[in-house]
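For reference, the structure I am asking about is given below.
Bear in mind that the values in this text are calculations on the coordinates, not laboratory data. Quick caveat: nothing in here was measured; it's all calculated off a predicted structure. Virtual Cβ from ideal backbone geometry, glycine too; neighbours counted across all protein chains shown.
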Amino acid sequence: MKIHTFTFNPFSENTYLLIEGAEAIVVDPGMSDASEYKTFDSYLTENGLELTDCWLTHAHIDHVLGCHHVYEKYDLTPHLHPDDLITLSYSKRASDMYGVPYTESPTPILDWTHGKKMKVLNTEVEIRFAPGHAPGHVVFIFPEHRVLIGGDVLFQGSIGRTDLPGGDADELCKSIMNQCYSLPDDMIVYSGHGPKTTIGQEKKSNPFVNSAGSGFLQRK
């Protein structure tokens, strides 16, 4: 499986294409204007790819700006955890607050559940529920490829913010410890913002949550 990264919109959000052969799945489509739509569409066309699904780790505005485009052009409805439907409902309010144009996302398919396993792109994927940054946040684990598509749970040297509606610092800490740090150290983390990292690196040195229990968010 190949992973292609786009960085879109004023929030520098990472939109991912998961690619196997001529098939591709988009995760967190963040394209926000005609230029970014063109960049996304051209990549698919130039590489002979068929877009077959749309996945959301969560529904903050920067991760859903392109959902309407994916729906209108590719007839694909995004998949979301039911607990994050409330986050999606805040999108228009968030777009007005940040001054980012937004066309309403189609009503998502609410079929993400903790522990769900699927075979896609000729490989296994496991979904884990990881709230704290958003109430219905999930992460996608590809064990065979040692890949975690983590949204805004864990970043290189940082973590997702918890001061937005539905955020909870204690829950985020638990999600990182239980759902992320339980994975192998060589698991590559593709985050919603910034560069990729590894589970081992963050367990060792993340200043907010680390495996030693001495991070800023952790309480002994």
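If you take the residues of segment 1-50 that are among the acidic types (D, E) and in contact with a helix residue (DSSP H, G or I) (Cβ under 6 Å, 6 or more places away or on another chain), which of them is farthest from V138 (Cα to Cα)?
Checking each candidate, the answer is E13.
Taking the stated definitions as given, is L183 over 14 Å from D84 (Cβ atoms), touching a helix residue (DSSP H, G or I) at 6+ places or on another chain (Cβ under 6 Å) and among the hydrophobic types (A, V, I, L, M, F, W, C)?
Answer is yes for this residue.
Working only within segment 18-46, note down all residues that are of a type in the set (A, V, I, L, M, F, W, C) and either closer than 20 Å to P78 by Cβ or assigned to a helix (DSSP H, G or I) (or both). Spell out how you get there, then give the answer.
To start, the set of residues in segment 18-46 that are of a type in the set (A, V, I, L, M, F, W, C) comprises 18-19, 22, 24-27, 31, 34, 40, 44.
Once the filter is applied, which keeps residues that are of a type in the set (A, V, I, L, M, F, W, C) and either closer than 20 Å to P78 by Cβ or assigned to a helix (DSSP H, G or I) (or both), segment 18-46 yields L18, I19, A24, I25, V26, V27, M31, A34, F40, L44.
I want to confirm something. Restricting to segment 146-166 and keeping residues that are surrounded by fewer than 18 Cβ atoms within 10 Å (Cβ to Cβ) and not polar (S, T, N, Q), which single residue is nearest to G213 (Cα to Cα)?
G157
To continue, here is another question. Could you please find all residues in segment 7-25 being surrounded by fewer than 20 Cβ atoms within 10 Å (Cβ to Cβ), out of contact with any Leu (no Cβ under 7 Å at 6 or more places or on another chain) and either hydrophobic (A, V, I, L, M, F, W, C) or touching a residue at least 12 places away in the same chain (Cβ under 8 Å) (or both)?
Correct list: P10, F11, S12, G21.
Quickly run through segment 191-220 and pick out the residues that are out of contact with any Phe, Trp or Tyr (no Cβ under 6 Å at 6 or more places or on another chain) and buried (at least 21 other Cβ atoms within 10 Å of the Cβ).
Of everything in segment 191-220, those that are out of contact with any Phe, Trp or Tyr (no Cβ under 6 Å at 6 or more places or on another chain) and buried (at least 21 other Cβ atoms within 10 Å of the Cβ) turn out to be G192, T197, I199, E202, N206, V209.
Can you tell me how many residues in segment 5-17 are farther than 15 Å from D53 by Cα and part of a strand (DSSP E or B)? Give the steps one after another, and end with the answer.
Of segment 5-17, the ones farther than 15 Å from D53 by Cα are 5-14.
Going one step further and asking which of them are part of a strand (DSSP E or B), we end up with 5-8, 13-14.
Qualifying residue count for the region: 6.
Shifting gears a bit: Looking at M118, M97 in this structure, which one is of a type in the set (A, V, I, L, M, F, W, C), without any contact (Cβ under 8 Å) to a residue 24 or more places away in the chain and part of a helix (DSSP H, G or I)?
Within the list M118, M97, the selection yields M97.
State all residues of segment 47-60 that are within 30 Å of T162 (Cβ to Cβ) and either assigned to a loop (DSSP other than H, G, I, E, B) or touching a residue at least 40 places away in the same chain (Cβ under 8 Å) (or both); if no residue qualifies, say none.
Within segment 47-60, the first condition is being within 30 Å of T162 (Cβ to Cβ), and the residues that meet it are 53-60.
Within segment 47-60, D53, W55, L56, T57, H58, A59, H60 meet the criteria.
Quick check on this structure: which one of D75, D83 is without any contact (Cβ under 8 Å) to a residue 40 or more places away in the chain and surrounded by fewer than 22 Cβ atoms within 10 Å (Cβ to Cβ)?
Checking each option against the conditions leaves just D75.
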